[in-house]
Each structure stands twice: as structure tokens, then as C-alpha cells.
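The values are calculated or read from the model by the stated rules, or taken from the named source; none is laboratory data. Only a predicted model underlies this, so the values are computations on that prediction, with no experimental measurement involved. Cβ placement follows ideal geometry from the backbone for every residue including glycine, while neighbour counts extend to all protein chains displayed. All accessible areas refer to the heavy atoms of the entire protein, side chains included, with ligands and DNA or RNA removed. Shrake-Rupley method; radii C 1.70, N 1.55, O 1.52, S 1.80 Å.
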Amino acid sequence: MTDRKVALVTGAASGIGRASAIALAAAGFTIAVNYRSKKSEALALLDELAGDGHQAFAADVADAVDVARLVAEVLGAYQRLDVLVNAAGQFTPQDIKSGDYDEWQTAWQHSLQLNLMAPLNLAFQAARPMMKQGAGKIINITSRGAFRGEPNAPAYGAAKSGLNSATQSLALALGEHGICVYAVAPGWTETPAASPRIRSQGWDDVAAQSPLGRIGRPSEIGNLVAFLAGNETDYLTGAIIDANGASYLRN
Ligand SMILES: NC(=O)c1ccc[n+]([C@@H]2O[C@H](COP(=O)([O-])OP(=O)(O)OC[C@H]3O[C@@H](n4cnc5c(N)ncnc54)[C@H](OP(=O)(O)O)[C@@H]3O)[C@@H](O)[C@H]2O)c1
């Protein structure tokens, strides 16, 4: 068993997952880099990460069987799992007013499976070894859209809202085993997935949603993830932390 704590980061080949892996490695974690299609990006990331022992693991986290295999492979490689970061996710546009009914159904199924069921299946699989260890942290990347509404992607908003709620439920369920569960709810963040959508809405207009007058940086979310994964944050368990540049302030 490695002495260094191990963090499994899903969707780590790009965007917020990648930034989380970089920040966690800099904080001393060994990273299990999950990717789906971006093998070359995942392998390139391994060389960029501080420290050693990092490995890449292919898995489609929307597939429940693949999730179980992924966690088993990570445990086989390291004999421990200390942190799970559920960063894999995708915004699927929907149009209730003029869209096709079949597309509507498909988008709901895809979005709920990837953005809600996948992190919860991962949490289920990760919680067992964490319970045996008597400690662990699960960090779910949700979204500002869970609170503000997503008129052009209601399934995405609902999935992220469900994940916020499940974060609180799992924090209650797993706290007695020393497992802490958090949600990080980013606003617009400059990632490969989001940047084209930001550009199509007008970069300056989107930036103006924040009093800082800019879009969030992936490193800002990654650093927050690394902070939550570190010491002295257990009492934050169950928290849903906004990271949206004050673009949407909830009570
Ligand atoms: N960027 C934003 O403005 C923003 C705001 C709020 C919340 N978020 C959330 O932050 C998270 C990261 O988003 P991002 O903007 O960083 O997007 P991104 O750059 O596209 O990164 C998402 C990663 O998830 C991976 N992924 C997607 N489906 C997967 C699957 N079934 N199995 C394994 N990996 C999968 C993607 O890999 P493949 O391409 O190979 O599938 C990709 O590498 C998401 O949960 C997103 O909802 C983002």
C-alpha cells in the first residue's frame, strides 16, 4: 500500500477535473486519472502532475458496471482510496418549446445517468473501501444551474440539483464512518466544454454576470477541491460551496 493518499478524479483529462488533479497532486495526493475518450490528454497529464505514482484509468462512468470495474482497478493499483472527485459531467441542451419529443427523452436519460447516477454509483463503490479505512472524502462538482435554473437544459439543472441533495444525504449517512461529502457548485468556468458556449452567448456579457467582470478559471475550482480534500475541513461536510464569482447569490 502506498503511503500517499490516493484521489480518484473522474473526467480528469480536461477542464475542472484536470485542474482538480493538478491541485491535488501539488497537495501531495497520488492521482487516479479517469478518462473516457481523451487517452492522450490523460497520459500527458500524468507527466504534468507533481509527485509520482499517478496512473490513468479508462472508464465510462455513465456505465454502472464500468464504475465498479474502475474503483476495483484503482483499489488493485493502490490498495487504498482516500478521495473521490466526481468531475465528469456534460451539459446537454434541450428545447421544451420546439424540440423533438424523442430528443427530449434521450437528453433526460443521458443527463440524469451521467450527471446524477454516475457520481452516486461512484460514491457507492468508493464508500466501501473508505468505510474500511475509517476515513474518506467525496467531492461532487455540481453547478450554479442547480439553483438558478437551466431553461435550455432542464435535465442538467435537475441532475445537479439532485446531486446537491444527495451530497447532503450522503454526508449524513457516511459521517459516522469518517467520510465527508461536499458539493462544489461552479458558475461559468473557462473549460473546453464551456468556452464555446460562453463565446456563443457573448464572452463580455457572460463575464459581466460577475462583479469581478470575468469568467472563472479551472484552477480556482481545482484549488477549492484540493482544499476540501485536505486536513481540517471535515466540519464542512454536507456543504454546497458556491464558486461563481458572486454571479448568483442564494440565501
Ligand atoms: N465549465 C463550466 O462552466 C461548469 C460550470 C458548472 C459546472 N460544471 C461541471 O464541471 C464538471 C466538469 O466540466 P468541464 O467544464 O470541466 O467539462 P470538460 O472540459 O468537458 O470536462 C469534462 C470531462 O468529463 C469527461 N466525461 C464526460 N462523460 C464521461 C463519462 N461518461 N465517463 C468518463 N468521463 C466522462 C469528458 O471526457 P470525454 O470528452 O472523453 O467524455 C471530459 O474530459 C462537469 O460536471 C460540469 O457539469 C462546469
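Quickly run through the stretch 204-224 and pick out the residues that are touching a helix residue (DSSP H, G or I) at 6+ places or on another chain (Cβ under 9 Å), outside any helix (DSSP H, G or I) and open to solvent by 80 Å² or more (accessible area, probe 1.4 Å).
Scanning the stretch 204-224 gives a single hit, R217.
Taking the stretch 9-30 on its own, how many of its residues are touching a Gly at 6+ places or on another chain (Cβ under 8 Å), more than 12 Å from A229 (Cα to Cα), not in a helix (DSSP H, G or I) and not β-branched (V, I, T)?
The total comes to 1.
A185 - would you say it is within 16 Å of the chain's Cα centre (by Cα), within 23 Å of A7 (Cα to Cα) and in a helix (DSSP H, G or I)?
For A185, the condition - within 16 Å of the chain's Cα centre (by Cα), within 23 Å of A7 (Cα to Cα) and in a helix (DSSP H, G or I) - is not met.
Name the residue that is most open to solvent (accessible area, probe 1.4 Å), counting only residues in the stretch 170-203 that are more than 22 Å from E150 (Cβ to Cβ) and without any contact (Cβ under 8 Å) to a residue 40 or more places away in the chain.
Ranking the candidates gives E176 first.
Hey, among the residues in the stretch 136-145 that are without any contact (Cβ under 8 Å) to a residue 60 or more places away in the chain and within 11 Å of the ligand (Cβ to nearest atom), which one's surrounded by the fewest Cβ atoms within 10 Å (Cβ to Cβ)?
Per the stated criteria, the residue is G145.
Checking D82 against (1) of a type in the set (D, E); (2) within 14 Å of the ligand (Cβ to nearest atom); (3) in contact with a Lys or Arg (Cβ under 6 Å, 6 or more places away or on another chain), which single condition isn't satisfied?
(2)
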